[in-house]
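These notes concern the structure reproduced below.
The values are calculated or read from the model by the stated rules, or taken from the named source; none is laboratory data. This is a predicted model, so every value here is computed, not measured. Cβ placement follows ideal geometry from the backbone for every residue including glycine, while neighbour counts extend to all protein chains displayed. Just the protein is used for accessible areas: all its heavy atoms, side chains included, with ligands, DNA and RNA removed. Shrake-Rupley method; radii C 1.70, N 1.55, O 1.52, S 1.80 Å.
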Amino acid sequence: MEYLETQDEITNSIGRDLTGIKSENSMKEVFYRLRDRELLEQVPEKLGNKAAWRKTAKRRRSRK
């Protein structure tokens, strides 16, 4: 979440680099938990191996 204070979106690869998590699936589970808490949403136009996540619309507004 700290990374998203200065960046618009985050990918699985970036998340793993930042956290030290080695498994793509484990990182995906982190993103899913953040999604379930309504902190992140998947970027709709970026799917599959290009998937990216961003703060939810409500959280993006509060940043500005």
Lone unmet requirement of (1) open to solvent by 60 Å² or more (accessible area, probe 1.4 Å); (2) out of contact with any helix residue (DSSP H, G or I) (no Cβ under 9 Å at 6 or more places or on another chain) for residue 57:
(1)
Odd one out for residue 8 among (1) assigned to a loop (DSSP other than H, G, I, E, B); (2) open to solvent by 80 Å² or more (accessible area, probe 1.4 Å); (3) free of Cβ contacts under 8 Å to residues at least 40 places away in the same chain; (4) in contact with a strand residue (DSSP E or B) (Cβ under 7 Å, 6 or more places away or on another chain):
(3)
Can you tell me which residues in the stretch 11-28 are in contact (Cβ under 8 Å) with a residue 12 or more places away in the chain, under 16 Å from residue 47 (Cα atoms) and open to solvent by 60 Å² or more (accessible area, probe 1.4 Å)?
24, 28
Only listed residue being modelled with pLDDT under 95 and aliphatic (A, V, I, L, M), chosen from 47, 40
47
Touching a helix residue (DSSP H, G or I) at 6+ places or on another chain (Cβ under 9 Å) and surrounded by 10 or more Cβ atoms within 10 Å (Cβ to Cβ): does that describe residue 34?
no
